[in-house]
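Chemist: A single structure is presented below for examination.
Bear in mind these aren't lab numbers, they're just calculated from the coordinates by the rules spelled out. Everything numeric in this text was worked out from a predicted model, so none of it was measured. FYI the Cβ positions are ideal-geometry reconstructions off the backbone, even for glycines, and counts take in every protein chain you see.
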Amino acid sequence: MSKDYKKRISLKDESESFIKYSVGNDISKEKFDCCISLINNQQQVSIIATRSFSNTPAGFKSFEAWVNQKCKHDIPIVFLMEATGVYYEHLAWFLHKAKRSVSVILPNKAKKYLQSLGYKSKNDKIDAKGLAQMGAEQRIEQWCPPTSEILHLRSITRHRQALQETRTRLNNQLEGQRYAEHINNEVVSHLEQLIETIDTQIKQTEKMIKETVKKDEGMYRKINNITQIKGVGLVTAATVIAETGGFHMIKNQRQLVSYAGYDVVENQSGNRVGKTKISKKGNSRIRRILHLPSLSVVRNGELQFVNLNQRVFERTKIKMKGYVAVQRKLLVLIYTLWRKDEVYNKEHPVMQSGSLSFRMVS
């Protein structure tokens with residue numbers, strides 16, 4: 001136990017009692033930074049200790065021993081971290097299996113909290129400290145891990161996306177070889193074989209996605225409801241569900257839009273009005289998978305998307321901005337159908353009064 005902590009404990013008023021410890025964790029691929037804070041019944045938060053650990057099983061054990069050493073056993077401990085890609089998952093599962101009180105929040109929520117505290121600098125230690133204070137001051141819902149079916153589905157959809165990206169790269173390379181001054185037929189043949197192999201694997205992943213979805217009756221029913229939208233297929237719906245964990249951390253439409261990076265960033269100061277655009281600071285996999293469906297729903301004559309696309313185009317004179325607005329509306333519709341467990345119909349009221357504005361740009 002640190003000297004400063006012992007001093008605070010010895011000097012505290014007898015009427016003062018401590019409510020809980022909060023351990024904030026800022027996690028990256030190789031390591032995670034931790035900060036332990038303590039809040040009392042006067043809502044005063046004190047920093048107890050900070051330290052970094054490797055993001056490995058050995059690091060988790062050292063982390064648990066360090067927390068047990070710094071915290072008194074008769075005071076509750078809560079753990080808080082951001083949903084940063086997949087890097088947070090190992091620690092979250094480690095704490096969950098140890099029956100610890102662990103909470104996971106979306107990065108944009110943590111960012112806004114740090115901004116409210118007035119932090120101007122940003123680094124791992126500051127983020128960990130902010131998370132520790134946030135966990136101490138607020139009562140945050142405990143983390144509910146995604147189901148094994150969702151995790152299995154996500155591994156397949158991400159693998160399929162990686163195959164698609166590899167295929168695009170190889171296809172570009174093949175086009176370059178074919179139009180070169182000197183054509184190397186052996187290289188062309190190798191590239192064609194690779195692309196053919198990848199095409200086969202992509203088809204296999206689509207079969208794997210279908211089989212995985214069918215194993216879960218509830219998931220299969222809900223995804224079938226979503227794919228009634230003309231232009232939204234199984235792979236699209238499954239990818240959105242996998243990337244959001246079945247929307248288990250999403251509480252409302254605005255959170256979802258921000259999580260996917262479709263939230264609008266304004267550029268205005270005084271009389272100057274700059275370009276408005278989406279932040280793109282979110283899950284890029286969702287935006288990527290919704291690109292082709294946004295074209296398809298318009299081409300297939302889904303009126304609410306056709307009208308939205310037309311309104312945005314008439315206002316901005318830029319086609320892509322209309323399709324970005326369609327992507328965002330598609331995402332919200334998928335979320336609504338999933339949460340309400342409803343079948344899609346063309347008259348579905350995606351946006352209720354007071355909901356999000358669709359003045360979208362790319």
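Chemist: By how many nm would the segment from residue 30 to residue 183 lengthen if fully extended, with 0.36 nm per residue of separation less the alpha-carbon distance?
Modeler: Values: separation 153, 0.36 × 153 = 55.08 nm, distance 4.38 nm.
Difference between extended and current length: 50.7 nm.
Chemist: From the list (1) 30.5, 110; (2) 24.5, 86; (3) 19.4, 69, can you say which value of Rg and Dmax of the Cα atoms in Å was derived from the structure given?
Modeler: Derived directly from the coordinates: (2).
Chemist: Dipole of the chain (Lys/Arg Cβ +1, Asp/Glu Cβ -1, origin at the Cα centre): which of 235, 247, 322 lies farthest to the positive side?
Modeler: The one lying farthest along the dipole's positive direction is 322.
Chemist: Continuing with the same structure: Assign unit charges at the C-beta atoms only (+1 for Lys and Arg, -1 for Asp and Glu), then state the dipole size of the stretch 3-137 relative to its Cα centre in Debye, rounded to the nearest 20.
Modeler: Rounded to the nearest 20 debye, it is 180 debye.
Chemist: Under a point spin-label approximation (7 Å from Cα along Cα-to-Cβ), what is the residue 56-residue 138 distance to one decimal in nm?
Modeler: Modelled inter-label distance: 3.4 nm.
Chemist: Let me ask another. Taking a ≥ b ≥ c as the square roots of the Cα gyration tensor eigenvalues, with a/c under 1.5 meaning rounded and otherwise prolate when a/b beats b/c, else oblate, which class fits the stretch 121-201? List each step's numbers first, then the result.
Modeler: Details: a/c = 7.31, a/b = 2.39, b/c = 3.06.
The shape class here is oblate.
Chemist: Under the rule of at least 5 residues apart or a separate chain, name every residue whose amide H is placed under 5 Å from the amide H of residue 302.
Modeler: none
Chemist: At residue 248 and residue 74, where each label point lies 7 Å from the Cα along Cα→Cβ, what is the point-to-point distance in nanometres?
Modeler: 3.6
Chemist: Still on this structure, please answer the following. For every other residue with a beta carbon closer than 12 angstrom to the beta carbon of residue 191, add +1 if it is Lys or Arg and -1 if Asp or Glu, then tell me the sum. Mind dumping the intermediate values first?
Modeler: Details: positive: 167, 169, 178; negative: 175, 186, 192, 196.
Local charge sum for residue 191: -1.
Chemist: From the phi of every residue in the stretch 60-77, what ³J(HN,Hα) in whole Hz does the Karplus formula 6.51 cos²θ - 1.76 cosθ + 1.60 yield, where θ is phi - 60° and glycine or proline is x?
Modeler: 5, 5, 5, 4, 5, 5, 5, 4, 5, 6, 7, 10, 6, 6, 8, 10, x, 10
Chemist: Figure the gain on full extension for residue 303 and residue 151 (residue separation times 0.36 nm, minus the Cα-Cα span) and round it to one decimal in nm. Display every interim value, and only then the final one.
Modeler: Values: separation 152, 0.36 × 152 = 54.72 nm, distance 3.44 nm.
Separation in residues times 0.36 nm, less the Cα-Cα distance, equals 51.3 nm.
Chemist: Amide H to amide H under 5 Å from residue 28: which residues, 5+ apart in sequence or cross-chain, H placed 1.01 Å off N in plane?
Modeler: It is 33, by chain and number.
Chemist: Relative contact order (percent) for the chain, with alpha-carbon contacts under 8 angstrom and 6 or more residues of separation?
Modeler: Working: 503 pairs, mean separation 45.3, N = 362.
Computed over the chain, the figure is 13 percent.
Chemist: Related question: Work out the charge dipole of the stretch 147-214 with +1 on the Cβ of Lys and Arg and -1 on the Cβ of Asp and Glu about the Cα centre, then indicate which of 172, 155, 193 is farthest towards its positive end.
Modeler: 155
Chemist: With point charges of +1 on the Cβ of Lys and Arg and -1 on the Cβ of Asp and Glu, referenced to the Cα centre of the chain, which listed residue (41, 294, 118) lies farthest in the positive direction of the dipole?
Modeler: Most positive-ward Cα: 118.
Chemist: Rounded, prolate or oblate: which fits the stretch 3-137 when a ≥ b ≥ c are the square roots of the eigenvalues of the alpha-carbon gyration tensor, with rounded for a/c under 1.5 and prolate only if a/b beats b/c?
Modeler: Oblate is the answer for the stretch 3-137, as a/c is 1.5 or above yet b/c matches or exceeds a/b.
Chemist: To the nearest 0.05, how large is the calculated FRET efficiency for residue 317 and residue 291 if R₀ is 22 Å and r is the Cβ-Cβ distance? Display every interim value, and only then the final one.
Modeler: Numbers: r = 20 Å, r/R0 = 0.93.
With R0 = 22 Å, the Cβ-Cβ based efficiency is 0.60.
Chemist: Right, next: Give me, ordered by chain and number, the residues 5 or more places off residue 48 or on other chains with an amide H under 5 Å from its own placed amide H.
Modeler: Amide H neighbours of residue 48: 36, 37, 38.
Chemist: What size of dipole, in debye to the nearest 20, comes out for the chain about its Cα centre when the only charges are +1 on Lys and Arg C-beta atoms and -1 on Asp and Glu C-beta atoms?
Modeler: Working: 59 positive and 35 negative charges, 186 e Å.
That gives the chain a dipole magnitude of about 900 debye.
Chemist: Which whole-Hz couplings ³J(HN,Hα) result when phi for each residue of the stretch 85-101 is put into the Karplus expression 6.51 cos²θ - 1.76 cosθ + 1.60, θ = phi - 60°, listed in order with x for Gly and Pro?
Modeler: Once rounded to whole Hz, the list reads x, 10, 5, 7, 5, 4, 5, 4, 5, 4, 5, 4, 5, 7, 6, 8, 8.
Chemist: Tell me which aspartates and glutamates have Cα within less than 12 Å of residue 129's Cα, excluding those fewer than 8 residues away on the same chain?
Modeler: 26, 33
Chemist: Let me ask another. What is the sum of charges around residue 177, taking Lys and Arg as +1, Asp and Glu as -1, for the other residues whose C-beta is under 14 Å from the C-beta of residue 177?
Modeler: Numbers: positive: 169, 178; negative: 175, 181, 186, 192.
Around residue 177, the charge tally is -2.
Chemist: Report ³J(HN,Hα) in whole Hz for each residue of the stretch 47-58, in order, from the Karplus equation J = 6.51 cos²θ - 1.76 cosθ + 1.60 where θ = phi - 60°; Gly and Pro get x.
Modeler: 8, 8, 6, 9, 6, 10, 9, 6, 7, 9, x, 5
Chemist: With N denoting the number of residues in the stretch 157-225, provide Rg(C-alpha) divided by 2.2 N^0.38 Å, to two decimal places.
Modeler: Details: Rg = 17.1 Å, N = 69, 2.2 N^0.38 = 11.0 Å.
With N residues counted in the stretch 157-225, Rg over 2.2 N^0.38 Å equals 1.56.
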